[in-house]
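In what follows, a structure is listed as structure tokens, so that the remarks can point back to it.
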Amino acid sequence: MRLKMRRMTMRTLPGPLTLPALGLGTWRLGERRSAQAAELAALRLAVEIGYRAFDTAEMYGEGGAESLLGEALSAALRGSVERAALYVVSKVYPHNASTQGVVAACERSLKRLKLDHLDLYLLHWRGSIPLARTVEGFERLRARGLIRHWGVSNFDLDDLQELAALPQGATCVANQVWYSLARRGVEFDVLPWQQARRMTLMAYSPIDQGALAQHDGLKRLAATLGATPAQLALARLLAEPGVMVIPKSTDATRLRQNFEAASLTLDAATRAQVDAMFPSPRRKQALAVN
Ligand SMILES: NC(=O)c1ccc[n+]([C@@H]2O[C@H](COP(=O)([O-])OP(=O)(O)OC[C@H]3O[C@@H](n4cnc5c(N)ncnc54)[C@H](OP(=O)(O)O)[C@@H]3O)[C@@H](O)[C@H]2O)c1
């Protein structure tokens, strides 16, 4: 047996917070009124399946994704799910990331999400506002209890180093970047740097926006293991310490399959076969950006 089932792995962030190693992405949700009922049903199903970490952003559907997620989560909280079991991540637009702007944007996000705090709040990507101002906003939010932790997204190594050198910069707990088997550039420098600091790497587009599910080699290998290619793609990333994946799906079967990927362990031979198809880089690559 080359695939082993185990309990959902947790990722520990500095401090008391632990995050499930797999969460649900919500990009493209909340954009179309005609899709809302189906998207809400998918989010509610995700909670039922056992998803407890959710990644969203004020950008997604210009608040539409947060609003839908808020509806699904408030229904869950009225049921048997406790707030302490949820891990809600949202992101601020770079143009809102001034000290005051971050605070105001977070308050708007919380209102849409119907929550009193976020577990993690990220700068979506680096813009023209100096990082120190954004960090000050994040720290104000933290002091008020509106966020538990803050982090960044789409930061390459030089950006991370610059951030770490700022006062309070080292309190950044996560960097969310494009990381999939087809884009392993971060393994050369960003991931080791983050691992050394126990800064979680949140892998976005971990199925490469669906493309890896169609990859012939992965399909063949997955078939021999009784898994799906997407599960293999997710499980391989999860074999790296400190990595969390946030695949998005609104399809019932794929939501289940993706969730199960967090309970799969690949043996060394399988990892080697995957790595032969998708080699890890041997030199610096610019960060992939979606
Ligand atoms: N920080 C950033 O700048 C940034 C950028 C991009 C994404 N993100 C976050 O990362 C999340 C995930 O990334 P993503 O949505 O770009 O890409 P992804 O999760 O790699 O792939 C999602 C796409 O693949 C399909 N899919 C999902 N599971 C599948 C499976 N098991 N088999 C076949 N197809 C499958 C989905 O369609 P169905 O829904 O029909 O299953 C969807 O079209 C986003 O939703 C968002 O929360 C962040």
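Just checking, does the stretch 142-157 include any residue being part of a helix (DSSP H, G or I), open to solvent by 10 Å² or more (accessible area, probe 1.4 Å) and out of contact with any helix residue (DSSP H, G or I) (no Cβ under 6 Å at 6 or more places or on another chain)?
Scanning the stretch 142-157, I find at least one residue that is part of a helix (DSSP H, G or I), open to solvent by 10 Å² or more (accessible area, probe 1.4 Å) and out of contact with any helix residue (DSSP H, G or I) (no Cβ under 6 Å at 6 or more places or on another chain), so the answer is yes.
Quick one: in the stretch 83-93, of everything that is open to solvent by 10 Å² or more (accessible area, probe 1.4 Å) and within 16 Å of the ligand (Cβ to nearest atom), which residue is farthest from the chain's Cα centre (by Cα)?
Within the stretch 83-93, the match that is farthest from the chain's Cα centre (by Cα) is Y93.
Is one or more of the residues making up the stretch 181-199 within 12 Å of the ligand (Cβ to nearest atom) and closer than 28 Å to V103 by Cα?
No, every residue in the stretch 181-199 fails to be within 12 Å of the ligand (Cβ to nearest atom) and closer than 28 Å to V103 by Cα.
Taking the residues in the stretch 244-264 that are near the ligand (Cβ under 9 Å from one of its atoms) and part of a loop (DSSP other than H, G, I, E, B) as candidates, determine which candidate is most open to solvent (accessible area, probe 1.4 Å).
Selected residue: K248.
Hey, any hits in the stretch 109-129 for a residue that's out of contact with any helix residue (DSSP H, G or I) (no Cβ under 9 Å at 6 or more places or on another chain) and either open to solvent by 60 Å² or more (accessible area, probe 1.4 Å) or aromatic (F, W, Y) (or both)?
Scanning the stretch 109-129 turns up no residue that is out of contact with any helix residue (DSSP H, G or I) (no Cβ under 9 Å at 6 or more places or on another chain) and either open to solvent by 60 Å² or more (accessible area, probe 1.4 Å) or aromatic (F, W, Y) (or both).
Let's see how each residue does on (1) of a type in the set (F, W, Y); (2) in contact with a Ser or Thr (Cβ under 6 Å, 6 or more places away or on another chain); (3) more than 10 Å from the ligand (Cβ to nearest atom); (4) closer than 24 Å to A53 by Cα:
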{"residue": "I129", "(1), (2), (3), (4)": "no, yes, yes, no"}
{"residue": "V152", "(1), (2), (3), (4)": "no, no, no, yes"}
{"residue": "Q161", "(1), (2), (3), (4)": "no, no, yes, no"}
{"residue": "G210", "(1), (2), (3), (4)": "no, no, no, yes"}
{"residue": "D216", "(1), (2), (3), (4)": "no, no, yes, no"}
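For residues that are within 19 Å of A76 (Cβ to Cβ) and assigned to a loop (DSSP other than H, G, I, E, B), scanning just the stretch 40-65, find the one that is nearest to the ligand (Cβ to nearest atom).
So, considering only residues that are within 19 Å of A76 (Cβ to Cβ) and assigned to a loop (DSSP other than H, G, I, E, B), the one nearest to the ligand (Cβ to nearest atom) is T56.
Can N290 be described as within 13 Å of the ligand (Cβ to nearest atom), under 16 Å from the mean Cα position of the chain (by Cα) and in a helix (DSSP H, G or I)?
So N290 fails the test.
Just checking, does the stretch 243-263 include any residue being modelled with pLDDT under 95 and either aromatic (F, W, Y) or more than 17 Å from L24 (Cβ to Cβ) (or both)?
no
Pick from the stretch 19-39 the residues that are away from the ligand (no atom under 14 Å from the Cβ) and in a helix (DSSP H, G or I): which of them is surrounded by the most Cβ atoms within 10 Å (Cβ to Cβ)?
Among those that are away from the ligand (no atom under 14 Å from the Cβ) and in a helix (DSSP H, G or I), it is Q36.
Mind checking which residues of the stretch 167-188 are assigned to a loop (DSSP other than H, G, I, E, B) and either aliphatic (A, V, I, L, M) or open to solvent by 20 Å² or more (accessible area, probe 1.4 Å) (or both)?
Scanning the stretch 167-188 gives P167, Q168, V173, L181, A182, F188.
How many residues are more than 11 Å from the ligand (Cβ to nearest atom), in a helix (DSSP H, G or I) and either farther than 21 Å from Q176 by Cα or of a type in the set (V, I, T) (or both) when one looks only at the stretch 220-243?
Of the residues in that region, 5 qualify.
The values are calculated or read from the model by the stated rules, or taken from the named source; none is laboratory data. Here the structure is a predicted model, which means the values were calculated and not measured. Note: ideal-geometry Cβ built from the backbone for every residue, glycine included; neighbour counts use all protein chains shown. Just the protein is used for accessible areas: all its heavy atoms, side chains included, with ligands, DNA and RNA removed. Shrake-Rupley method; radii C 1.70, N 1.55, O 1.52, S 1.80 Å.
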